[in-house]
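Worksheet: the structure to be examined is printed underneath.
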Amino acid sequence: MEEVNFLHISDTHLCFEENRQPICSSPQRVERVYAAAAALDQKPAFVLITGDFVHEGDAAAYAAARLFVQTMEQRYGLPTYVALGNHDRHDAFYRGFCETPAHSGPYYYKIKMPGLRLLVLDSAVDDQVLGRLDTEQLQWLEEQLEKGCTTPTVVALHHPPCGTTVHATNGNNLQQPDLFQHILERYPVKAVLAGHKHFATAAMLPGGTPAYTGAGVAFAIDMPQGGALNFVDGLQAQFCAVYDNEFYWSPFCLDERTVLGRMTPRQMREYHAEK
């Protein structure tokens with residue numbers, strides 16, 4: 001089965017205003033992610049953004065985001081697939097990004113390529129922090145899964161469908177996650193990818209499906225210190241690989257680090273410690 005690599009990022013909070021808030025990303029900041037992805041030896045096939053794409057922008061902001069994504073795709077050869085989060089607004093997204101008449105319906109879709117089927121859901125509820133999946137989407141998800149596709153399947157949405165490392169923040173995750181989980185229990189889904197929390201967490205859903213929550217691009221959150229969460233500047237992403245009918249998810253930091261040494265994969269395989 002063909003190997004597929006892609007980059008999972010979340011919570012970009014794109015803002016195109018010069019006087020943007022510190023918790024928002026400039027286009028230049030997000031472009032650093034694309035440039036780093038394109039420079040990898042294993043170049044990703046695409047970039048997946050799991051919500052909070054734009055920071056509470058209007059249709060003009062989403063139109064700017066559409067042009068930005070088109071530029072990234074042309075400059076780096078990286079198609080981009082987007083899910084919506086609680087900071088996104090449906091009507092503005094449809095008018096500005098999709099260039100269609102505004103409406104409030106959920107934005108969900110399927111992407112299929114050799115080696116991977118990606119099902120993107122919309123857990124965003126306008127003007128609310130918590131997430132929900134309506135009956136329409138849950139029915140669509142089950143219809144897609146029961147078709148018996150042999151291609152590895154990954155499901156993406158913004159709100160985590162389970163607890164995360166910092167349990168005190170779980171109240172604004174996906175509401176009624178059991179409805180979603182019961183569907184996944186019956187089908188061979190390789191992974192669920194989410195965002196929203198701004199720190200990376202791996203968990204196992206009750207039926208055995210792995211769920212991965214990606215760190216934020218606009219800002220990161222440290223573990224509680226003195227009872228509070230620190231919002232910090234740290235550009236992070238997650239590299240995903242699907243091969244041999246298995247899914248792999250690896251968080252990595254894009255900020256500069258001190259390089260202590262270099263070894264190729266072949267050198268690592270052939271390395272033997274001196275006795």
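The values are calculated or read from the model by the stated rules, or taken from the named source; none is laboratory data. If you're wondering where the values come from, they're calculated on a predicted model, not measured in any experiment. Here the Cβ positions follow ideal geometry from the backbone for every residue, glycine too, while neighbour counts run over all protein chains shown.
Table for the structure above
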item	result
Segment 182-228: number of residues that are acidic (Asp, Glu) and within 30 Å of Ser26 (Cβ to Cβ)	1
The lone exception for Phe93 - which of (1) within 22 Å of His159 (Cβ to Cβ); (2) surrounded by fewer than 21 Cβ atoms within 10 Å (Cβ to Cβ) it fails	(2)
Looking only at segment 32-81, and only at residues there that are within 26 Å of Ala92 (Cβ to Cβ) and among the acidic types (Asp, Glu), the one that is surrounded by the fewest Cβ atoms within 10 Å (Cβ to Cβ)	Asp58
Residues of segment 4-31 satisfying the condition of being modelled with pLDDT of 95 or more and surrounded by fewer than 14 Cβ atoms within 10 Å (Cβ to Cβ)	Gln28
Residue that is farthest from Ala36 (Cα to Cα), among those in segment 218-240 that are within 18 Å of the chain's Cα centre (by Cα) and not in a strand (DSSP E or B)	Phe219
Residues within segment 4-55 that are farther than 12 Å from Gly216 by Cα and polar (S, T, N, Q), tallied	6
Members of segment 199-217 that are surrounded by fewer than 17 Cβ atoms within 10 Å (Cβ to Cβ) and part of a loop (DSSP other than H, G, I, E, B)	Pro206, Gly207, Gly208
